[in-house]
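Peer 1: Mind having a look at this structure? Questions to follow.
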Amino acid sequence: MKILVLGSGAREHAIVHRLAREGGHQLYAAPGNPGIGALAELLQVDLTSGPAVALAARRLKADLVVIGPEAPLIDGVADALRAAKVACFGPSAAAARLEGSKAFAKEIMRAAGVPTAEAVSASTPAAAAAALDRFGAPYVVKNDGLAAGKGVVVTDSREAALDHAQACFDAGSPVVVEEYLDGPEISLFCVTDGQTVAPLAPAQDFKRALDDDQGPNTGGMGAYSPLPWAPPDLTGQVLDKVARPVVAEMAARGVPFQGLLYCGLALTAKGLKVVEFNARFGDPETQVVLARLETPLSGLLLAAATGDLARARPLVWSEESAVTVVVAAENYPGTPVTGGVITGVDQAEAIPGVYVLQAGTALSDAAELVSAGGRVLSVVGLGPTLTAARDRAYAGVRAIHLDGSHHRADIALRASLS
Ligand code: AMP
Ligand code: GLY
């Protein structure tokens, strides 16, 4: 197949890496990154322009376009591709509102009877304050728009919660204030063609910047799969209580969701509740989920894109565990320091069971690999146990050098002891 992957992060590198393992495909990426460029031909296309992406896909005679990040989805790139009769893995702009608007996601969940945190929308400081007092601490305040995982503040400080609400109002966005969900978080990716739902393996992400879940929220600092501590019927519960009802509700409204429904869940004392939906693969969970997927990814994504998922074969998973550790630039999740030379990627990849996925990287004029974003690398370790996978991922991280970079030291630590 000729497959075009849109995006430039480690998630897209993981997708391209998994597709490349199948052999025989012609792979393209736009804009990609130097790591992706080793596996796919890189194209310069304006990802915010549906017509530009559709034109590029038609020129390539692409059999499938896979949209990695949320922004092109919200901008309607999937709609433009479908209108141009190009098979596309990714929902329409209308369906991607499940991620793009927290208020819309809540409305769908209410209509579909899906368990989630109680929430109130607020567009004035007074309304936000009243909502904070209704739920009490810890306070959860979310920007009601796209914020790359960084628009949420969870805090015991009423003042900090109000400050975040004010910052969102100043930027023109209302906020959602919600009940705090107490319990471990799980990410479950569901591939869907708008009717049939195929769940992938559950993973756990580490959202806070620092060890022991301290510090600010980030896009994600690491992940692992499988989850040895999770209830054995977890996937079945998510399918029955969350994914199938949401997919059916969207279809009933005439906005079928075709692509990847990312279910972010909290396992609370009162059962499973939805923290958030995303309309795309999660980053960094994709790095570990796809590392364990034995079934060809191309067939799965094409079946979802063409409404053929009911006939797809059941997915097969490796018994191996996978851990990924994100190497982030100095000052991330604030404005990252960029342009630092990255060394040791080859040494890391010489370790058995280790590979390095690139995100915020670029090639300098001197053809050196340099940092170009907040999350720079995602180092993946595979092994027979979580402990082995973790040891390998960290051995890979130790082989790499980038001045000022930081990573969490406790990715998959607790789970590996369970
Ligand atoms: P979101 O952008 O909605 O995914 O939120 C980012 C992160 O904030 C989540 O992964 C959680 O760690 C945390 N979070 C969001 N909503 C809640 C909530 N209601 N209760 C507790 N933590 C939350
Ligand atoms: N890992 C969280 C996300 O992709 O939004």
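Peer 1: Checking the conditions here, which among 153, 140, 114 is in contact with a helix residue (DSSP H, G or I) (Cβ under 6 Å, 6 or more places away or on another chain), part of a strand (DSSP E or B) and either within 21 Å of residue 187 (Cα to Cα) or at pLDDT 95 or above (or both)?
Peer 2: Result of the check over 153, 140, 114: 153.
Peer 1: Quick test for you: out of 45, 53, 65, pick the one residue that is closer than 26 Å to residue 287 by Cα, modelled with pLDDT of 95 or more and in a loop (DSSP other than H, G, I, E, B).
Peer 2: Only one candidate passes the filter, namely 45.
Peer 1: Only one of 177, 191 is under 18 Å from residue 217 (Cβ atoms), among the aliphatic types (A, V, I, L, M) and surrounded by 22 or more Cβ atoms within 10 Å (Cβ to Cβ); which?
Peer 2: None of the other options fit; the residue is 177.
Peer 1: While we're on this one: Filtering the stretch 298-321 down to residues that are buried (at least 24 other Cβ atoms within 10 Å of the Cβ) and under 19 Å from residue 194 (Cα atoms), which residue is farthest from ligand 2 (Cβ to nearest atom)?
Peer 2: In this case the residue turns out to be 305.
This table checks each residue for (1) touching a Gly at 6+ places or on another chain (Cβ under 8 Å); (2) modelled with pLDDT of 95 or more; (3) closer than 19 Å to residue 331 by Cα.
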residue	(1), (2), (3)
371	yes, yes, yes
375	yes, yes, yes
392	yes, yes, no
406	no, yes, yes
409	no, yes, yes
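Peer 1: Same structure again: Pairs needed: first member in the stretch 154-172, at positive phi; second member anywhere, small (Gly, Ala, Ser); C-beta distance under 9 Å; at least 6 residues apart or different chains.
Peer 2: As it stands, the answer is 172/145, since those pairs meet every condition given.
Peer 1: Restricted to the stretch 194-205, and to residues that are more than 15 Å from ligand 2 (Cβ to nearest atom) and of a type in the set (S, T, N, Q), which residue is surrounded by the fewest Cβ atoms within 10 Å (Cβ to Cβ)?
Peer 2: Filtering the stretch 194-205 for residues that are more than 15 Å from ligand 2 (Cβ to nearest atom) and of a type in the set (S, T, N, Q), the one surrounded by the fewest Cβ atoms within 10 Å (Cβ to Cβ) comes out as 195.
Peer 1: Is it the case that some residue within the stretch 85-99 is at pLDDT below 95 and surrounded by fewer than 22 Cβ atoms within 10 Å (Cβ to Cβ)?
Peer 2: Going through the stretch 85-99, the residues at pLDDT below 95 turn out to be 99.
Retained after the next criterion (residues that are surrounded by fewer than 22 Cβ atoms within 10 Å (Cβ to Cβ)): 99.
Checked against the condition, which is being at pLDDT below 95 and surrounded by fewer than 22 Cβ atoms within 10 Å (Cβ to Cβ), the stretch 85-99 yields at least one hit.
Peer 1: Sticking with this one: Which ones in the stretch 215-232 are of a type in the set (A, V, I, L, M), more than 14 Å from residue 291 (Cα to Cα) and within 14 Å of ligand 2 (Cβ to nearest atom)?
Peer 2: 221
Peer 1: Of the residues 27, 60, 39, 43, which single one is among the aliphatic types (A, V, I, L, M) and crowded, with 20+ Cβ neighbours inside 10 Å?
Peer 2: Every option except 27 fails the conditions.
Peer 1: Here is a follow-up. Are any of the residues in the stretch 251-259 within 17 Å of the chain's Cα centre (by Cα), of a type outside the set (D, E, K, R) and closer than 30 Å to residue 209 by Cβ?
Peer 2: yes
Peer 1: Still on this structure, please answer the following. I'd like to know if the stretch 378-385 contains one or more residues that are part of a loop (DSSP other than H, G, I, E, B), more than 21 Å from the chain's Cα centre (by Cα), at pLDDT 95 or above and under 30 Å from residue 415 (Cα atoms).
Peer 2: yes
Peer 1: Within the stretch 261-281, is there a residue that is small (Gly, Ala, Ser), crowded, with 20+ Cβ neighbours inside 10 Å, in contact (Cβ under 8 Å) with a residue 12 or more places away in the chain and on the phi > 0 side of the Ramachandran plot?
Peer 2: Looking through the stretch 261-281, none of the residues is small (Gly, Ala, Ser), crowded, with 20+ Cβ neighbours inside 10 Å, in contact (Cβ under 8 Å) with a residue 12 or more places away in the chain and on the phi > 0 side of the Ramachandran plot.
Peer 1: Which pairs do you get when a residue that is of a type in the set (S, T, N, Q), found in the stretch 1-26, comes within reach of a residue that is surrounded by fewer than 16 Cβ atoms within 10 Å (Cβ to Cβ), reach meaning Cβ atoms under 6 angstrom, with the pair 6+ apart or on two chains?
Peer 2: Note: pairs meeting the criteria are 26/2.
Peer 1: Which numbered condition in (1) away from ligand 1 (no atom under 13 Å from the Cβ); (2) surrounded by 15 or more Cβ atoms within 10 Å (Cβ to Cβ) is the only one that residue 236 fails?
Peer 2: With (1) away from ligand 1 (no atom under 13 Å from the Cβ); (2) surrounded by 15 or more Cβ atoms within 10 Å (Cβ to Cβ) applied to residue 236, the lone miss is (2).
Peer 1: When the residues of the stretch 68-111 are filtered to those that are assigned to a loop (DSSP other than H, G, I, E, B) and without any contact (Cβ under 8 Å) to a residue 40 or more places away in the chain, which remaining residue is nearest to residue 185 (Cα to Cα)?
Peer 2: 93
Peer 1: Also, quick follow-up: Exactly one condition in (1) surrounded by fewer than 24 Cβ atoms within 10 Å (Cβ to Cβ); (2) away from ligand 2 (no atom under 13 Å from the Cβ) is false for residue 208; which is it?
Peer 2: Here residue 208 clears every test but (2).
Peer 1: Let me ask another. With 147, 103, 131 as the choices, which residue is of a type outside the set (D, E, K, R), farther than 22 Å from residue 214 by Cα and at pLDDT below 90?
Peer 2: From the options 147, 103, 131, the qualifying one is 103.
Peer 1: Only one of 418, 364 is polar (S, T, N, Q), over 21 Å from residue 186 (Cα atoms) and touching a residue at least 12 places away in the same chain (Cβ under 8 Å). Can you tell me which?
Peer 2: Being polar (S, T, N, Q), over 21 Å from residue 186 (Cα atoms) and touching a residue at least 12 places away in the same chain (Cβ under 8 Å) holds for just one of 418, 364, which is 364.
The values are calculated or read from the model by the stated rules, or taken from the named source; none is laboratory data. Fair warning: this is a prediction, and the values are worked out from it, not measured in the lab. Note that each Cβ is placed from the backbone with ideal geometry, even for glycine, and that neighbours are counted across all protein chains shown.
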